Amino acid sequence: MKTVIDEIADAILDSKCNVFLTGAGISTESGVPDYRSSNNQFWGEYDSKDFYLSNFLTDGGSRMRCWRACAVFYETMKNAQPNPAHLVLAELERRKLLRGIITQNVDGLHQKAGNSKKVVIELHGTAHTISCVDCGRKYNSEGIYASISKWTSVPYCEYCQGILKPDTVFPGEPIIPNVAKRVLQMATSCKLLIVIGSSLEVQPAAYLPLKAKESGAKLGIINLTPTPYDKYADYLIYRPAGKTLAEIVKKINDQVRPPAEERMGQYGP
Ligand SMILES: [Zn+2]
């Protein structure tokens, strides 16, 4: 009898037009904390009000506290390494079994694992760059955080003295329209959408599974805990992402013969 792992492996092979929607749960196995998980507090220590764009832009105290929190988060994240779940998604792209990744994460671990920039859409931006809100100039986060490590002041743009802001989408801040358009297009044109490590509680990611289903796609959900969309799932797995994806790719490998040139080497012409 087929298990759900067998079924999802078959579905990935059959569809070939597979899109993955990833959330914090895929990166917790890499040691990146789920910073949206505790209601109104960031890691229970930082007040999310300091991350409201209006407070950040107008209140110097909020901006300082926000930068300090961002620095702690960046420090945890910058040395994080991709885990087996990220590596499987990179392998699926190499094998042309992955059309896109829509991620709620800002850690850049999909790209670090080897997924190409063109397939990864970062819904909530990235923690790896910082931009000037006035002139738009981009900075590498590493340099900015190093320059303000003593926290005597907040950073400003060295070209126009404008306010700098991390390129992550702050709570209440709208998703960039072009990004919103691309994810919707991706979700409504795929044949299989697999959610990994997201509780599907934060918009706009949360409505994508339904959009995909309405457009005729199959839906898979791999998450530790139930989500509001479980009833729509064709494949539902409550387990950690890394282990599960490793098992799925093993099933795929068991079914798919190696490329022709490898077969020639193995078995002769
Ligand atoms: Zn500037």
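Full extension from S147 to D10: what is 0.36 nm times the residue separation minus their Cα-Cα distance, to one decimal in nm?
Values: separation 137, 0.36 × 137 = 49.32 nm, distance 5.03 nm.
Extra length available between S147 and D10 comes to 44.3 nm.
Check which residues have an amide H placed less than 5 Å from I121's amide H, if you skip close sequence neighbours.
The answer is I101, I102, T103.
Could you tell me the center-to-center distance, by alpha carbons, between region 191-227 and region 122-185 in angstrom?
If you average the Cα positions of each part, the centres end up 28 Å apart.
Provide the percentage of antiparallel DSSP beta bridges, counting only those with both residues in the chain; round to the nearest 5.
Working: 10 of 30 bridges.
If I count the DSSP bridges inside the chain, around 35 percent turn out antiparallel.
Starting from the Cα of I175, step 7 Å along the direction of its Cβ; do the same at K49; then give the gap between the two resulting points in nm.
2.9
Putting +1 on Lys and Arg Cβ atoms and -1 on Asp and Glu Cβ atoms, find which of C132, I163, G60 reaches farthest to the positive end of the dipole of the chain.
So the residue furthest toward the plus end is C132.
When the Karplus curve 6.51 cos²θ - 1.76 cosθ + 1.60 is applied with θ = phi - 60°, which whole-Hz ³J(HN,Hα) does each residue of region 62-68 get, with x for Gly and Pro?
4, 4, 5, 5, 5, 4, 5
Starting from 0.36 nm per residue, how many nanometres of slack lie between K2 and A246 once their C-alpha separation is accounted for? Walk me through the numbers on the way to the answer.
Details: separation 244, 0.36 × 244 = 87.84 nm, distance 1.72 nm.
Stretched out fully, the K2 to A246 stretch lengthens by 86.1 nm.
List, in the order given, every pair from K16/K211; K191/K231; K165/K213 whose Cα-Cα distance in the structure shown is over 26 Å. Mind dumping the intermediate values first?
Numbers: K16/K211 19 Å; K191/K231 18 Å; K165/K213 36 Å.
Pairs exceeding the cut-off: K165/K213.
Multiply the residue separation of V72 and L210 by 0.36 nm, subtract the distance between their alpha-carbon atoms, and state the gained length in nm to one decimal. All intermediate terms of the calculation are to be shown ahead of the outcome.
Values: separation 138, 0.36 × 138 = 49.68 nm, distance 3.52 nm.
46.2 nm is the gain from fully extending V72 to L210.
Using each residue's phi in region 113-124, evaluate 6.51 cos²θ - 1.76 cosθ + 1.60 at θ = phi - 60° and report the 3J(HN,Hα) Karplus result to the nearest Hz, with x for Gly and Pro.
6, x, 6, 6, 4, 5, 9, 9, 10, 9, 4, 9
Once you've got the GNM for the chain with C-alpha springs shorter than 10 Å, pick whichever of N83, N178, N18 has the biggest mean-square fluctuation.
N178
I want the local charge near T3. Using Cβ-Cβ distances under 15 Å, sum +1 for each Lys or Arg and -1 for each Asp or Glu among the other residues. Mind showing how you got there, number by number?
Numbers: positive: K2, R239, K243, K250, K251; negative: D6, E7, D10, D234, E247, D254.
Neighbourhood net charge equals -1.
Coordinate-derived values only; no laboratory data. Keep in mind that what you see is a predicted model, and the values were worked out from it rather than measured. Methodologically, a virtual Cβ is constructed for each residue, glycine included, from the backbone with ideal geometry; neighbour enumeration extends over all protein chains shown.
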